[in-house]
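The block underneath contains the structure these notes are about, expressed in structure tokens.
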Amino acid sequence: MLAKVYSAVVNGIEACPVEVEVNAGWGDTTIVIVGLPDAAVKESRDRVSTALGNSGYKFPLGRTTINLAPADLKKEGPSFDLPIALGLLAATDQLRTERLHEFLVVGELALTGAVRPVKGVLPIALCARHERKRGVLVPAANANEAAVVEGLEVIPVQNLREAAAFLSGEISIGPVQVDVQRLFEQPMEDEVDFAEVKGQESVKRALEVAAAGGHNVLLIGPPGTGKSMLAKRLPTILPPLTLEEALETTKVHSIAGLLQPGQALVTRRPFRAPHHTASDAGLLGGNVHPTPGEVSLAHNGVLFLDELPEFKRSVLETLRQPLEEGRVTISRAAGTVTFPARFMLVAAMNPTPDGKMPGESRCSPREIQSYLNRISGPLLDRIDLHVEVPVVKFRDIAATHPTEPSAKLRERVVAARRRQQDRFRGRSRILCNAHMGSKELRQFCVLDEVSMDLLRYAMNELRLSARAYDRILKVARTIADLAGSDRILPEHVGEAIQYRSLDRQIWG
């Protein structure tokens with residue numbers, strides 16, 4: 001007898017529908033799985049056969065063929081255990097139901113018949129809605145994650161017998177529901193706050209500008225000046241995630257298996273800080289079967305690279321595509337996948353190899369320049385703000401008066417982002433000032449004569465590089481937004497010029 005169960009496989013951050021066809025025939029007792037399965041899928045026959053016996057069902061006699069269609073799509077992971085088991089029950093008349101076609105089924109089986117959680121349930125639930133399925137049968141631990149998809153019945157199952165009893169109508173299982181709006185309304189209590197940072201008011205201002213415009217930022221200063229401390233507090237002033245951003249971020253984290261048990265949605269912007277020994281595959285993603293790397297796990301959040309010159313140059317060069325396009329494409333023998341990777345890059349570095357300022361360093365100008373040259377021009381071109389982090393003075397450390405908390409900074413950042421959303425309405429690829437192209441710069445960054453003269457003077461006298469021109473215009477537009485100004489004024493341009501330290505060619 002032939003039975004058909006519907007499931008799905010994750011490819012990149014999207015899921016593709018898969019038909020699990022099970023045919024129980026005559027011949028020697030064996031199970032054959034076809035349809036480009038990987039090792040984990042092939043092993044499912046042993047898990048499924050044991051789970052069937054321990055759940056009180058009979059193992060099919062004769063030759064059983066399981067086809068995972070389409071046959072040219074690679075099938076990975078243990079998520080096909082439950083649909084294969086239900087298909088075997090239906091093909092041997094141990095499960096009689098007309099409801100198999102109404103649901104999309106995923107789940108890993110334990111040898112006892114219990115259903116274990118799997119990765120990528122959110123994109124699978126979105127696939128089920130796209131395929132116009134009534135609902136999904138998922139492990140109970142993944143139910144909240146799938147329930148954020150509206151218009152879909154999410155049925156949590158604990159074990160194989162429960163899944164079979166539900167499909168046959170013997171028991172009723174209420175669908176899981178999640179109030180998405182309530183998830184976003186829950187108060188966010190940050191473990192860190194800008195109020196804890198003593199001094200460094202100029203750096204706080206620069207990070208506020210970076211957060212308001214979505215700009216990449218490079219912090220340059222001696223050890224112990226608080227570069228890492230400041231960077232870790234940047235997410236506390238970023239605007240909250242929108243529902244669309246939260247869904248994209250949750251899909252990436254679901255595929256990577258980073259969601260906590262029972263977690264429905266990622267509602268806070270991620271902060272990723274890989275070590276400088278990270279490989280290009282760890283940063284970009286990859287392995288034999290392409291998986292999200294750090295740049296994708298930081299999607300809609302912050303990627304912090306401490307000790308930037310210590311990263312391998314080949315690793316840093318891989319950042320150029322995601323910084324420019326907001327996505328990363330990985331090609332491997334198993335296939336080509338594209339992951340989203342639109343993040344804020346925050347990097348930190350010492351000004352010289354020995355950590356001291358150029359005028360105090362014992363390193364020669366050649367050694368300093370060689371150290372700075374570890375960061376290529378094309379990568380530096382994609383960093384809008386170069387911020388000098390000075391040594392904190394004693395009076396700032398000993399000060400007892402309170403400093404501005406993250407909540408106050410976030411209010412100004414959110415107001416500036418709201419102005420940008422109104423400005424870029426109808427341009428889906430542009431979410432903030434940092435994403436502007438040449439066309440938008442000409443349209444929204446028009447300078448008056450005084451501002452243009454100031455910029456011209458800076459380009460000539462401070463020996464700013466040509467690549468700094470567009471960056472200064474973008475940052476000046478953000479500073480104007482923070483000030484609530486429709487026009488870019490000379491003081492906005494002047495402040496933006498200060499954030500191009502490495503272009504002044506004073507180092508070394």
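Taking a probe of 1.4 Å, how large is the accessible area per residue of segment 412-508, in Å²?
Roughly 51 Å² per residue, with all protein chains present.
Considering only the other residues whose Cβ falls under 12 Å of the Cβ of SER279, what net charge follows from Lys and Arg at +1 and Asp and Glu at -1?
Residues close to SER279 contribute a combined charge of -1.
Where only protein heavy atoms count, and the probe is 1.4 Å, what is the accessible area per residue for segment 170-278 in Å²?
Per-residue value: 46 Å².
Give me the percent of the accessible area of segment 149-252 that comes from carbon and sulfur atoms, probe 1.4 Å, all protein chains in place.
The computed percentage sits at 46.
Using the Cα gyration tensor of segment 61-106, with a ≥ b ≥ c the square roots of its eigenvalues, what is the shape: rounded (a/c below 1.5), prolate (a/b larger than b/c) or oblate (neither)?
Oblate.
Obtain the nm distance between the two label points defined at ASP396 and ALA278 by a simple spin-label model: each point lies 7 Å from its Cα along the Cα-to-C-beta direction.
Inter-label distance under the simple model: 2.8 nm.
Once amide H atoms are built 1.01 Å from N in the peptide plane, which residues 5 or more positions from GLY301, or in another chain, come under 5 Å H to H?
Amide H neighbours of GLY301: MET344.
Using 0.36 nm per residue, how much length does the chain from SER172 to GLU307 gain when fully extended, once their Cα-Cα distance is taken away?
42.9 nm
Which translational diffusion coefficient, to the nearest whole µm²/s, is obtained for segment 297-429 from the Stokes-Einstein equation, given a Kirkwood hydrodynamic radius over C-alpha pairs, 20 °C and 1.002 mPa s?
My calculation gives 116 µm²/s for D.
Percent of accessible area on segment 1-146 owned by carbon and sulfur, 1.4 Å probe?
50
Starting from the 7 Å offset along Cα-to-Cβ, what nm value, one decimal, do you get for the label separation of GLU102 and ARG418?
Taking the simple label geometry, GLU102 and ARG418 are separated by 4.6 nm.
Measure off 7 Å from each Cα along the Cα-to-Cβ vector at ASP93 and SER428, then give the distance between these two points in nanometres to one decimal.
Here the answer is 5.2 nm between the modelled labels.
Straight-line reach from LYS75: which aspartates and glutamates have a Cα under 13 Å away, not including same-chain ones fewer than 8 places off?
By straight Cα distance, LYS75 reaches GLU19, ASP38, GLU43.
Just to confirm, what accessible area per residue do you get for segment 25-108 at 1.4 Å probe, in whole Å²?
Each residue of segment 25-108 exposes 44 Å² on average to a 1.4 Å probe.
Compute from the Cα atoms of segment 1-134 the Rg and the Dmax, the latter being the longest Cα-Cα distance, and quote both in angstrom.
Values for segment 1-134 (Cα only, Rg and Dmax): 13.8, 41 Å.
Please state the charge dipole magnitude for segment 58-154, taken about the Cα centre, from unit charges on C-beta atoms (+1 on K and R, -1 on D and E), reported in debye and rounded to the nearest 20.
Roughly 180 debye for segment 58-154.
Could you tell me whether segment 208-363 comes out rounded, prolate or oblate from its Cα gyration tensor? Rule is a ≥ b ≥ c as square roots of the eigenvalues, rounded for a/c under 1.5, then prolate if a/b exceeds b/c, otherwise oblate.
Because a/c hits 1.5 or more and a/b fails to exceed b/c, segment 208-363 counts as oblate.
What is the gain in length, in nm to one decimal, between SER376 and TRP26 on full extension, counting 0.36 nm per residue of separation less the C-alpha to C-alpha distance?
Result: 119.4 nm gained on full extension.
Percent of Cα-Cα pairs per 5 Å bin, from 0 to the last occupied bin, for segment 15-67, please list those.
Distribution as computed: 5, 18, 25, 28, 17, 6, 2, 0 percent.
Kindly write out, for segment 174-183 in residue order, the coupling ³J(HN,Hα) from the Karplus curve 6.51 cos²θ - 1.76 cosθ + 1.60 (θ = phi - 60°), rounded to whole Hz, with x marking Gly and Pro.
Going residue by residue, I get x, x, 6, 10, 10, 7, 5, 4, 5, 4 Hz, with x marking Gly and Pro.
For segment 176-241, what are Rg and Dmax over the alpha carbons, in angstrom?
For segment 176-241, the Cα-based Rg and Dmax read 15.2, 53 Å.
List residues of segment 169-183, by number, whose backbone nitrogen lies under 20 Å from a label position 7 Å along Cα→C-beta of GLU150.
Backbone N within reach: 175-183.
Decide, for segment 53-192, between rounded, prolate and oblate: order the square roots of the alpha carbon gyration tensor eigenvalues as a ≥ b ≥ c, take rounded if a/c falls under 1.5, and otherwise choose prolate if a/b is larger than b/c, else oblate.
It comes out prolate by the Cα gyration axes.
Can you list the lysines whose alpha carbon is less than 25 Å from that of LYS58, not counting same-chain residues fewer than 8 positions off?
LYS4, LYS42
Order 262-274, 113-125, 243-255 from most to least packed using the mean count of other Cβ atoms within 10 Å.
Answer by packing, highest mean first, reads 113-125, 243-255, 262-274.
Do the sum for the chain: with -39,500 (n - 2.57) for every DSSP H run of n ≥ 4, divided by all residues, what is the mean residue ellipticity at 222 nm, to the nearest 500 deg cm²/dmol?
So the helix-based figure for the chain works out to -10000 deg cm²/dmol.
Could you look at segment 299-458 and say what percent of its accessible area is carbon and sulfur, using a 1.4 Å probe and all protein chains?
The computed percentage sits at 50.
Can you check how the C-alpha radius of gyration of segment 370-508 compares to 2.2 N^0.38 Å, as a plain ratio?
So segment 370-508 has a normalised radius of gyration of 1.18.
Magnitude of the Cβ-charge dipole of the chain, K/R +1 and D/E -1, about the Cα centre, nearest 20 debye?
Value, rounded to 20: 620 debye.
Counting only the backbone N, which residues of segment 170-208 are under 18 Å from the spot 7 Å out from the Cα of GLU244 toward its beta-carbon?
What the label zone holds, given the 18 Å backbone N cut-off, is 181.
Nearest-5 percent of antiparallel DSSP beta bridges in the chain?
About 45 percent, rounded to the nearest 5.
When you count, for each residue, the other Cβ atoms within 10 Å and take the mean per peptide, how do 76-87, 203-214, 167-178 rank with the highest first?
Listed from highest to lowest mean packing, they are 76-87, 203-214, 167-178.
For a quick check: with amide H placed at 1.01 Å from N, whose amide H comes under 5 Å from VAL136's, ignoring anything fewer than 5 positions away on the same chain?
Amide H neighbours of VAL136: LEU104, GLU153, VAL154, ILE155.
Sort MET229, MET436 from largest to smallest accessible area, using a 1.4 Å probe on the heavy atoms of the protein chains.
Putting MET229, MET436 in descending order of accessible area: MET229, MET436.
The values are calculated or read from the model by the stated rules, or taken from the named source; none is laboratory data. This one's a predicted model, so the numbers in the text were calculated from it and none came from an experiment. Every residue, glycine among them, receives a Cβ derived from its backbone with ideal geometry; neighbour counts consider all protein chains shown. Note: areas computed on protein heavy atoms with side chains; ligands, DNA, RNA excluded. Shrake-Rupley method; radii C 1.70, N 1.55, O 1.52, S 1.80 Å.
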